[in-house]
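The values are calculated or read from the model by the stated rules, or taken from the named source; none is laboratory data. Being a predicted model, the structure only gives us computed values, none of them experimental. Reconstructed Cβ throughout: ideal geometry from the backbone, glycine too, with neighbour counts over all protein chains shown.
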Amino acid sequence: MKILKIILFLMLLTTPKISFGQCSSDEFLDNCAAKLETFTFIKAFNTEMKKTQKVEYSYIFSKGSSYMIVACDQDIPGAKMIINLYDRNKKLIVSSYNKKSKKHYPDLLYPCSATGVYYLEVTFEGSKGGCGVSLLGFKKN
Amino acid sequence: MMMKKIQLFPIFLLLVLTGCKNTNNKSDEVNINDILNEESTEPELVISEESINEIIQSIPSPLEMASLIKESGASFNEDFLNSTDNQDLYRTDFEKAMAMGIYAGDLGYINIYEKSYVALKYLKTIKKLADDLNVGQFFDFETIKRMASNADKIDSLLYLSTLNFERMDHYLRSQKRSNLSVLLVTATWIESLYIVTKVGNLTSSEPIIERIAEQKIILNQILLMVSTYSDNQFFQNLHEEISLLKKEFESVSIDYVYREPEIVEEDGRLVIIDNSTTEVNITQEQINAISNVLSEIRLKIIESD
């Protein structure tokens, strides 16, 4: 009985780690890349976090190119991945989550007309953290 | 038997806990926002490994420049590339990382033009250099060869090549070998800019000229990354070379006008209507000067001088 309890305890401990690992697999990434459609894949930002945290990435967007940002998470209700896009002055341009309508958008399209540094902030809904990948693709306007 | 199982528990617990390391460590000595702002780059700054990683990540992919070239209508020109015959010239790890970056820039150009036969030749060279740097595991040459020989898989080849470079770069940085990543990214950028200036001289395409001018923004990030390792002679020399390029870019102006963006929803997707603009001012003389300095820097790299 004691052994069974230990096994159960170990299973509980390992469960979140197993599920976190799933979003860095080749299959997960390939499925996500398919959502870029006709855009050329250029970057993968892997995000794995616990509790309420934010991770920030930056990229120099160029005028004349359109960028597609695709968010892929583990599709857990209440723990969806949110991407916020900021400009060079850290002014919010857009969020993949509309707080008013409580709607999540899985992808953002940004036809860039001002070359500069842009920031992608990744966070997860709720306070449980989560795991996902955001991909960046581009094509000429 | 049961005793053995229980003894394993603390070890297992330790493994699980150390595996759940927080990936969001934000303890920079210098604010990354300040570093990435093109107006505030100070080469003398000493910045953290984490900030260096963020800058490396922010440098545009060579595919973007190559795409612009193709879009201009220019034909593919193999003469612009660093010959794979040069691969044995590179002896030290730093030289090999630089060479790999140059070949990566070439590969972006080759891939965009879908020249799979040439791509294979370059991937083979890149794989050799990667093996020498102990990162060859990221290039599964057999899979790449299969894709390159199948016209339907050209998109996959492009995807896989990009992904392999991404993974190799992440691995190098995780292994505290960011200095090699910096060289790789720097050389890739130099090669992409070299090819675009060569095409720019031939076509006078406005988007290409504009893109050359905009490299002033990226040049500042490149200089900042390289300066971080300037206690090393190789990096110090590289910094001096790139500083010559910065001098040529100094009189190029980029004006940014901010206007509130609009957001619309199209087919369930959010589309940003960007109303801000950047206007660049660059003359043909400035482009020629940039092109000349760049060619000299690149020649020193590819001849491993």
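For this structure, a couple of remarks:
- In the range A:93-141, the residues that are among the basic types (Lys, Arg) and more than 8 Å from chain B (Cβ to nearest Cβ): A:Lys99, A:Lys100, A:Lys102, A:Lys103, A:Lys128
- Residue check, B:Leu133 of a type outside the set (Val, Ile, Thr), in contact (Cβ under 8 Å) with a residue 24 or more places away in the chain and over 22 Å from B:Ile195 (Cβ atoms): yes
- Residue pairs meeting the criteria (Cβ under 7 Å; at least 6 apart or on separate chains; first touching a residue at least 12 places away in the same chain (Cβ under 8 Å) and among the small types (Gly, Ala, Ser), in the range A:81-105; second crowded, with 17+ Cβ neighbours inside 10 Å and not in a strand (DSSP E or B)): A:Ser96/A:Tyr105
- Any chance A:Cys32 is touching a Cys at 6+ places or on another chain (Cβ under 8 Å), at pLDDT 90 or above and more than 7 Å from chain B (Cβ to nearest Cβ): yes
- When residues in the range B:216-243 are screened for being within 14 Å of chain A (Cβ to nearest Cβ) and either over 29 Å from B:Val135 (Cα atoms) or not in a helix (DSSP H, G or I) (or both), 2 of them pass.
- On inspection, B:Tyr109 does not qualify as in a helix (DSSP H, G or I), aromatic (Phe, Trp, Tyr) and surrounded by fewer than 24 Cβ atoms within 10 Å (Cβ to Cβ).
- Single residue of B:Phe141, B:Phe80 found to be surrounded by fewer than 23 Cβ atoms within 10 Å (Cβ to Cβ), at pLDDT 90 or above and of a type in the set (Phe, Trp, Tyr): B:Phe80
- Just one of the listed residues (B:Glu29, B:Glu54, B:Glu50) is modelled with pLDDT under 95, in a loop (DSSP other than H, G, I, E, B) and either more than 10 Å from chain A (Cβ to nearest Cβ) or closer than 30 Å to A:Glu121 by Cα (or both), namely B:Glu29.
- Hey, B:Pro261 facing chain A (nearest Cβ under 10 Å) and within 23 Å of the chain's Cα centre (by Cα) or not: no
- First in the range B:201-219 and over 23 Å from B:Ser243 (Cα atoms) and touching a residue at least 60 places away in the same chain (Cβ under 8 Å), second anywhere and part of a helix (DSSP H, G or I) and of a type in the set (D, E, K, R), Cβ under 8 Å, 6 or more apart: B:Pro207/B:Glu71
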